[in-house]
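Written below as structure tokens is the structure these notes are about.
The values are calculated or read from the model by the stated rules, or taken from the named source; none is laboratory data. Computed from a predicted model, the values in this text were never measured in an experiment. As a convention, Cβ positions derive from the backbone with ideal geometry for all residues, glycine included, and neighbour counts pool all protein chains shown.
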Amino acid sequence: MKQIMILCLCLTCIFGCTAQDANKVSGAQKSNLKVVKSDSAWKEALSYEDYCIIRKKGTEVPFTGALLYNAEPGSYHCKACNQLLFSSEAKFDSGTGWPSFFEPASKKAITEVEDKRYAFTTYEVLCSACDAHLGHVFDDGPKPTGLRYCINSASMIFKKTDSKP
């Protein structure tokens, strides 16, 4: 009986440690993984308006976005996958009708793709984790970058920074 208890204890330790290590690895690698869903799964996960903007490259009506006038400290995340995209410290009022930022939270947070759907070439901004359409980037922004990331409110969620120490 004593041998069985020792064997069970050893197996619990071995498999418990292995499971913890597996969780650590998948948590560390999570940021490198691409979020892939079927079109029907995106339709189910997003509202109709969000789906049209995020997955079908739509644009919300200017001056109507919920985050346009938000001036609270915090961070802006992808609505489709929750990846950090922009900091409130990089947000500015461009007067264009969409939330604007002069730089992303990190270079790896977004992907820029040439967009020739219009009479002129623009650069579409996508979430690097799930390829959600966020908006476009232009070269008429403020210092220090000279860039204006013009982003749909419908593509983001805002997380307020807790001001308490």
Condition set of a type in the set (A, V, I, L, M) and over 26 Å from L46 (Cβ atoms), scope the range 117-149, selection modelled with the lowest pLDDT: answer is A119
For the range 93-130 the number of residues that are charged (D, E, K, R), touching a strand residue (DSSP E or B) at 6+ places or on another chain (Cβ under 7 Å) and surrounded by 13 or more Cβ atoms within 10 Å (Cβ to Cβ) is 3
Residue set F101, F138; condition touching a Phe, Trp or Tyr at 6+ places or on another chain (Cβ under 6 Å) and under 21 Å from V61 (Cβ atoms); output residue F101
Take F138 and tell me if it is crowded, with 16+ Cβ neighbours inside 10 Å, in contact with a helix residue (DSSP H, G or I) (Cβ under 9 Å, 6 or more places away or on another chain) and of a type in the set (A, V, I, L, M, F, W, C). no
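A quick yes/no check of all residues on (1) under 15 Å from Y76 (Cβ atoms); (2) free of Cβ contacts under 8 Å to residues at least 24 places away in the same chain; (3) over 16 Å from the mean Cα position of the chain (by Cα):
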site	(1), (2), (3)
T96	no, no, yes
I110	yes, no, no
T121	no, yes, yes
E124	no, no, no
H136	no, yes, no
D139	no, yes, yes
P144	no, no, yes
I157	yes, no, no
Those strands (runs of 3 or more DSSP E) completely within the range 65-118 that have 1 or more residues that are more than 15 Å from M156 (Cα to Cα) are 110-115
